[in-house]
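Encoded as structure tokens, the structure appears first; notes follow it.
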Amino acid sequence: MIRSYGISEAGLVRRVNEDCIFIGEKPFFILADGMGGYAGGQIASTSAVEAVKTFFSTLTEDRYSEQTLREAVLCANRAILHRKLTADEFQDMGTTLIVAAVHGGNLYWAHVGDSRLYILKRDDFSQVTKDHSFVMSLVEEGKITREEMRGHPRKNEITRAVGIRPALEVDTGTVPLTEPLMILICSDGLTLVDDAVLETALRDCGDTEDALKECAEKLLCEVYDAGATDNISAIFIQFTPDAT
């Protein structure tokens, strides 16, 4: 069984919400965090989500795979680049993008940018995606710690985004759905709080749709208490194996 719930809020500082999310029935999930100014960020994230939705409308679930999700992201990349041809004022716009889909006992994902996909298992909580960001490169080089990323002055600089250039490298992966799992897909606005807060909220979540909503609202309050300096978007996915 799969339950899901999504939130997307502007936060306390940004005038508008440049994030965009979508939860499809098949099921598939999309989250984008736009950049390039208020209007440009909104256009980029919305254009990416609409392009992926259109792409998925042509697919049956048996075609879900890492490759088709990569193609969906590339489709979004082309859509934003095409939009730029007639919008000189939005030449700097782009977006992060995470696409995930479930079929045949697997969750497939594709990712560009610094939005994240986390997985909570019985004995483990981990970030599955890799941030395409300047500060993550510093972490990999051993120059700063993961804890220092959050307060770094260049923490918002991403090194890979959808809609910037025709050639785009897309990370993909597969998560086997063989045990109870909680999956969190989020924009960087949610990670204003640290991973321990995220893990605690997910572990405390019950196994109903109302419980997912309560978990989302609890984390939203945590981010608002911390200042909510960015837009906040998240998709919560709870997987429970069917009884046999």
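The values are calculated or read from the model by the stated rules, or taken from the named source; none is laboratory data. Keep in mind that this is a model prediction, so the values were computed, not measured. Heads up, the Cβs are rebuilt from the backbone with ideal geometry, glycines too, and the neighbour counts pull from every protein chain shown. Accessible surface is based on the protein model in full, side chains and every heavy atom, while ligands, DNA and RNA are left aside. Shrake-Rupley method; radii C 1.70, N 1.55, O 1.52, S 1.80 Å.
A few points about this structure:
- When Q127 is tested against the conditions (1) surrounded by fewer than 17 Cβ atoms within 10 Å (Cβ to Cβ); (2) at pLDDT below 95, the lone failure is (2).
- Yes/no for V162 being of a type in the set (A, V, I, L, M), over 30 Å from G227 (Cβ atoms) and surrounded by 14 or more Cβ atoms within 10 Å (Cβ to Cβ): no
- Looking only at the range 191-217, residues that are open to solvent by 40 Å² or more (accessible area, probe 1.4 Å), of a type outside the set (V, I, T) and farther than 15 Å from G6 by Cβ come to 8 in all.
- Filter pass, P180 being touching a residue at least 60 places away in the same chain (Cβ under 8 Å) and within 29 Å of D62 (Cβ to Cβ): yes
- Condition check for A110: open to solvent by less than 10 Å² (accessible area, probe 1.4 Å), more than 27 Å from G36 (Cα to Cα) and touching a helix residue (DSSP H, G or I) at 6+ places or on another chain (Cβ under 9 Å): no
- Taking helices (runs of 4 or more DSSP H) as the structural unit, no element lying wholly within the range 139-229 holds at least 3 residues that are in contact with a strand residue (DSSP E or B) (Cβ under 8 Å, 6 or more places away or on another chain) and of a type in the set (S, T, Y).
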